[in-house]
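Trainee: Take this structure, written in structure tokens, and hold onto it; I'll ask about it next.
What follows is calculated from the coordinates using simple rules that are stated; it is not laboratory data. All values reported here derive from a predicted model rather than from experimental measurement. Positions of Cβ are backbone-derived with ideal geometry, glycine not excepted, and every protein chain shown enters the neighbour counts.
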């Protein structure tokens, strides 16, 4: 019994030291409204981003003023959270879209910018896509 008790203590200490907890990305789980700083001709549209329970972006949607909805399922996005720094990467044809932002202290607002990285072999470029604000509407 003494060995068993010691084993439990060793396991508990190991978990505490190695941080076997919930990944930081799970803080993104839920539905967020997306507001572009410069929406152009689509300023009256409503945009949402949905992150699964692991914090991975799985859907983007847009709704027009007349109720028409466009939904895009995202299968291959990745998310990284380090403190308040957030990076969401969405591989796309001939490149990658990258959102880099900062999570607010209350973890309900995310502000940052979206870029498009293009890689066509001999041509590599990063194009700015604009500033975005995401507000959590559901966890």
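Trainee: Multiply the residue separation of residue 66 and residue 33 by 0.36 nm, subtract the distance between their alpha-carbon atoms, and state the gained length in nm to one decimal.
Mentor: Numbers: separation 33, 0.36 × 33 = 11.88 nm, distance 1.81 nm.
Result for the pair: 10.1 nm of gain on full extension.
Trainee: Turning to a different aspect of this structure: Return the FRET efficiency for the residue pair residue 58, residue 123: r is the Cβ-Cβ distance, R0 is 35 Å, and the value is rounded to the nearest 0.05. Kindly include the intermediate steps, with their values, before the conclusion.
Mentor: On the way: r = 30 Å, r/R0 = 0.87.
Computed FRET efficiency for residue 58 and residue 123: 0.70.
Trainee: Another question about this same structure. If packing is taken as the mean number of other Cβ atoms within 10 Å per residue, what is the order of 45-52, 132-139, highest first? The partial results should precede the final answer.
Mentor: Values: 45-52: 18.4, 132-139: 15.6.
With the highest mean Cβ count within 10 Å placed first, the list reads 45-52, 132-139.
Trainee: I need the Debye-formula profile for the range 23-138: one equal scatterer per C-alpha, no solvent, reported as log10 I(q)/I(0) at q = 0.20 1/Å, two decimals.
Mentor: These q points yield log10 I(q)/I(0) values of -1.16.
Trainee: Separation between the residue 24 and residue 85 pseudo-spin-labels, each 7 Å from Cα along Cα→Cβ, expressed in nm?
Mentor: Result for the modelled spin labels: 0.8 nm.
Trainee: Stretched out fully, how many nm does the piece from residue 78 to residue 107 gain, at 0.36 nm a residue minus the Cα gap?
Mentor: Details: separation 29, 0.36 × 29 = 10.44 nm, distance 1.87 nm.
So the chain would gain 8.6 nm between residue 78 and residue 107.
Trainee: Right, something else. With a cut-off of 8 Å between alpha carbons and a minimum separation of six or more residues, what is the relative contact order of the range 24-139 in percent? Let's see the in-between values first.
Mentor: Numbers: 270 pairs, mean separation 27.9, N = 116.
Averaging sequence separation for qualifying contacts and normalising by length gives 24 percent for the range 24-139.
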